[in-house]
């Protein structure tokens, strides 16, 4: 009599987080260069509010149709101005978007389960209250706040006051470091980042292999411990 194949092992997941303009994308791309699947919730967050998506309809209902531009797309700048100045509005937006983002993230994670030794989930707002029960480790990209402000001013063409307001709207640096299992220090030198990521990749490959071994169910039907 044939037996059903064992269920696939849950992929080993690393949550990559950090403050705005800390270098998360650069670090994520360095992991991708090692063949690691990336699941970026920033990308997903943009996808779930594309025209025709249920989340966009919900945002327009909650914040008004003037949140949409003439093409029916989300006016991100206008919405950002509202949520940065209104904690209640930010919570309302998160209640709409977070479930949609999590569902899409899980679908992508399952689809990429066999694509690499582990997965990196880029979750910028993890320290702001995001769930971490679905990841195995948290990796924080750490950058001094003065550097973040300068990068924001150059990248987004905003004033120093606007850049500092963006930082205040996120978790404090100490809060992010407090949830970290691992830290990448971004000094601004790509060589330093490449070395740190290479060392972490080697560690994560070993941790992922150990995780898979624990999930293997032997012939007695009990999961290995």
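What follows is calculated from the coordinates using simple rules that are stated; it is not laboratory data. These numbers were taken from a predicted model, which means no experiment stands behind them. Heads up, the Cβs are rebuilt from the backbone with ideal geometry, glycines too, and the neighbour counts pull from every protein chain shown.
Nearest 0.05, what FRET efficiency do residue 53 and residue 111 give at R0 = 25 Å with Cβ-Cβ as r?
The calculated FRET efficiency here is 0.85.
How compact is segment 1-131 by the rule of thumb for globular proteins, expressed as Cα Rg over 2.2 N^0.38 Å?
My calculation over the Cα atoms of segment 1-131 gives 1.25.
Please state the relative contact order of segment 42-111 as a whole percent: Cα pairs under 8 Å, 6+ residues apart?
Across segment 42-111, relative contact order equals 33 percent.
Between helix 87-111 and the chain, what is the angle of the helix's C-alpha long axis to the longest principal axis, kept within 0 to 90° and rounded to the nearest 10?
On a 0 to 90 degree scale, this one is about 30.
Could you work out the pair-distance distribution P(r) of the chain from its alpha-carbon pairs, with 5 angstrom bin width and percents rounded to whole numbers?
Distribution as computed: 1, 6, 13, 15, 17, 16, 12, 9, 5, 3, 2, 1, 0, 0, 0 percent.
For an R0 of 35 angstrom, estimate the FRET efficiency from the Cβ-Cβ distance between residue 86 and residue 33 and round to the nearest 0.05.
That gives a FRET efficiency of 0.30.
To the nearest 10 degrees, how steeply does helix 145-156 sit against the main Cα axis of the chain, on a 0 to 90 scale?
Compared with the principal axis, the helix lies near 70 degrees.
Determine the calculated [θ] at 222 nm for the chain from helices alone, applying -39500 (n - 2.57) to every DSSP H run no shorter than 4 residues and normalising by the residue count; nearest 500 deg cm²/dmol.
Using -39500 (n - 2.57) per qualifying helix, the result is -16000 deg cm²/dmol.
Quick one: compute a quarter of the convex hull surface over the Cα atoms of segment 42-111 and quote it in nm². Could you put the intermediate results ahead of the total?
Working: hull surface 18.8 nm².
Averaging across all directions leaves 4.7 nm² for the Cα convex hull.
Return a whole-number percent for the relative contact order of the chain, with Cα pairs under 8 Å and 6 or more residues apart as the contact set.
Reported relative contact order: 33 percent.
Can you pull the one-decimal nm distance between simple spin-label points at residue 155 and residue 202, each 7 Å off the Cα toward Cβ?
2.9 nm
Whole angstrom only: what separates the Cα centroid of segment 147-219 from the Cα centroid of segment 103-143?
12 Å
Quick one: order 17, 143 by neighbouring beta-carbon count within 10 Å, fewest to most. The partial results should precede the final answer.
Values: 17 26, 143 22.
The most exposed by this proxy come first: 143, 17.
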